[in-house]
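Since the structure comes first, as structure tokens, the remarks are kept for the end.
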Amino acid sequence: MRTLYETDFVQWTEEQAKALSEHNEKTLDWENLKEEIENLGKEQINAVHSFLKQIILHRLKLDYTNDILSRRHWMDEIDDFQDEIERRLTQTLLNKINLQPEYERAKRKVLKMYDVSLPDQCPYTFEDLMTRLTEK
């Protein structure tokens, strides 16, 4: 028999929220609640990492290519990604950030698009990536 969690997730969330607000432990779906809460945390970490990858990708293009025409667009994109990170960032998320895997992913994309030489290690700190850029 399928559960409400499987058939109508939105309704399930509403019922679980109500049970939580009423401290009704008997109607809480403990197993699925645990899984969903864990997934929420993972989604936030994944979102921040995804935005960091995009910032790194654009910074690499800005710093290592001669493509002048796209610079303003890349800078605008970086600004938007920084906004998204700032909306989500908590100390816990900050402690979980690992730039090197995102750098490797961004580097792979840049190398497909441009004939450039890029460093083996990420040349940016988190602070570098979150610093607002201005047109030079």
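The values are calculated or read from the model by the stated rules, or taken from the named source; none is laboratory data. Treat the numbers as computed from the prediction; the structure is a model and nothing was measured. In this analysis, Cβ positions are derived from the backbone assuming ideal geometry, glycine residues included, and neighbour counts consider all displayed protein chains. SASA here: full protein model, heavy atoms, side chains in, ligands and nucleic acids out. Shrake-Rupley method; radii C 1.70, N 1.55, O 1.52, S 1.80 Å.
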Mean residue ellipticity (222 nm) of the chain, computed from DSSP H runs ≥ 4 via -39,500 (n - 2.57), nearest 500: -22500 deg cm²/dmol
Assigned charges on the beta-carbon of Lys, Arg, Asp, Glu; segment 42-136 dipole about Cα centre (debye): 260
Difference of contour (0.36 nm per residue) and Cα-Cα distance, Asn95 to Asp29: 20.7 nm
Residue order for Tyr114, Tyr103 - accessible surface, 1.4 angstrom probe, largest first: Tyr114, Tyr103
Full-stretch length increase - Lys42, Asp79 - with 0.36 nm per residue and alpha-carbon distance subtracted: 11.0 nm
Residue among Gln121, Gln100, Gln11 with the largest mean-square fluctuation in a Gaussian network model of the chain, springs linking Cα atoms under 10 Å: Gln11
Taking the convex hull of Cα positions in the chain, its mean projected area over all directions (nm²): 11.7
Rounded to 10°, Cα long-axis angle of helix 30-64 versus longest principal axis of the chain: 10
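With a 1.4 Å probe and all protein chains left in place, how much of the accessible area of the chain comes from carbon and sulfur atoms, in whole percent?
Carbon and sulfur atoms account for 50 percent of the accessible area of the chain.
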Highest-fluctuation residue, Phe81, Phe126, Phe51 considered, GNM on the chain with Cα pairs under 10 Å: Phe126
Protection-proxy order for peptides 63-73, 40-50, each taking the mean of Cβ atoms within 10 Å per residue, highest first: 40-50, 63-73
Global geometry of segment 65-136, whether rounded, prolate or oblate, following the gyration tensor of its Cα atoms and the 1.5 cut on a/c: oblate
